[in-house]
Amino acid sequence: MSAGTDRLATSRLGRLAARATREREAVQERCELCGAPVEAQHRHVLDLSRRELMCCCRACAILFASTAASAGHYRLVPDRRLRIADLELDDVAWAELRLPVDIAFCVRAGESGRVQAFYPSPMGPTESQLGLEAWEELEAANPVLRTLAPDVEALLVNRSRGARQHWLVPIEDCYALVGLIRGGWRGLTGGAEVWRAIGAFFEGLDRRARPAGRNDDGRST
């Protein structure tokens, strides 16, 4: 192959590579704050006025880790996931919370400080009237719940089909579960397919979570 042919082939490969890069960046997710490309695994901020999650790049995540940077408009979603195997929440305490379902999540509202309870349904997230005195008792028995970051962390409870599982999770995990159930629910009982997906969701969450320790509730180790 001649030198001219080599240069032509190299030029063509270069153009193809550039084109592939442009096409890849065109379909890649971008930071919804600054427009920079984001990696497949990226952080989110919560738009407090619209209650919507927004993808953010690493630089914006570092910026909005400071509450002063957002002027109260955005809040960075934490990335900790705690498995709370010994949560003191028996059947009586669950009934006192007045939650009519077996899967629910509880979030502390930043403005009011009130804890709100939601459960995923085929219609989306549905708020339930939480028994506030029962929550205060639950929080007193489980100091880790006092560390919930307002608006962006939740206590996620799974008591479906005999399970007794509890996690402290980023709010994005709860939104993902809501989307899964909303999109996959069929008929009155949901159907076998959506329940397999729910089971896989909780298995994946459990693998990603670390056990909650004494240092997670504000006490010394």
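The values are calculated or read from the model by the stated rules, or taken from the named source; none is laboratory data. These numbers were taken from a predicted model, which means no experiment stands behind them. Every residue, glycine as well, gets a Cβ built from its backbone with ideal geometry; the counts of neighbours run over all protein chains shown.
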Enumerate the strands (runs of 3 or more DSSP E) found wholly within segment 32-81, keeping only those where 1 or more residues are under 15 Å from D173 (Cβ atoms) and either among the charged types (D, E, K, R) or in contact with a Pro (Cβ under 9 Å, 6 or more places away or on another chain) (or both). 43-47
Report, ordered by the first and then the second residue, all pairs with beta carbons closer than 6 Å, sequence separation of six or more or different chains, a first member in segment 181-202 that is assigned by TED's automatic domain parsing to the domain that holds R161 and among the aliphatic types (A, V, I, L, M), and a second member that is assigned to a helix (DSSP H, G or I) and surrounded by 14 or more Cβ atoms within 10 Å (Cβ to Cβ). V194/G184; A197/L180; A197/G184
Within segment 85-112, can you find the residues that are farther than 19 Å from R161 by Cβ, surrounded by 11 or more Cβ atoms within 10 Å (Cβ to Cβ) and within 21 Å of the chain's Cα centre (by Cα)? C106, V107, R108, A109, G110
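Being at negative phi and assigned by TED's automatic domain parsing to the domain that holds T147: is that true of A109 here? Step through it out loud before you land on a result.
On the way: at negative phi: yes; assigned by TED's automatic domain parsing to the domain that holds T147: yes.
Yes; evaluated as a whole, the condition is true for this residue.
Say we look at segment 68-84 and pick out the residues that are surrounded by 12 or more Cβ atoms within 10 Å (Cβ to Cβ) and over 15 Å from the mean Cα position of the chain (by Cα); which of these is modelled with the highest pLDDT? Spell out the reasoning first.
Initial filter on segment 68-84 (surrounded by 12 or more Cβ atoms within 10 Å (Cβ to Cβ)): 69-70, 73-84.
Now drop any that are not over 15 Å from the mean Cα position of the chain (by Cα), which leaves 69-70, 73-74, 84.
Details: A69: 63, S70: 60, H73: 86, Y74: 90, I84: 96.
Among residues in segment 68-84 that are surrounded by 12 or more Cβ atoms within 10 Å (Cβ to Cβ) and over 15 Å from the mean Cα position of the chain (by Cα), the one modelled with the highest pLDDT is I84.
Among the residues that make up segment 195-209, is at least one of them β-branched (V, I, T), within 17 Å of the chain's Cα centre (by Cα) and in a strand (DSSP E or B)? Steps first, please.
Of all residues in segment 195-209, those β-branched (V, I, T) come to 198.
Okay, now just the ones that are also within 17 Å of the chain's Cα centre (by Cα), so 198.
Narrowing further to those that are in a strand (DSSP E or B): none.
The answer is no, given that none of the residues of segment 195-209 is β-branched (V, I, T), within 17 Å of the chain's Cα centre (by Cα) and in a strand (DSSP E or B).
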Condition met for A61 (buried (at least 19 other Cβ atoms within 10 Å of the Cβ) and under 19 Å from V178 (Cα atoms)): no
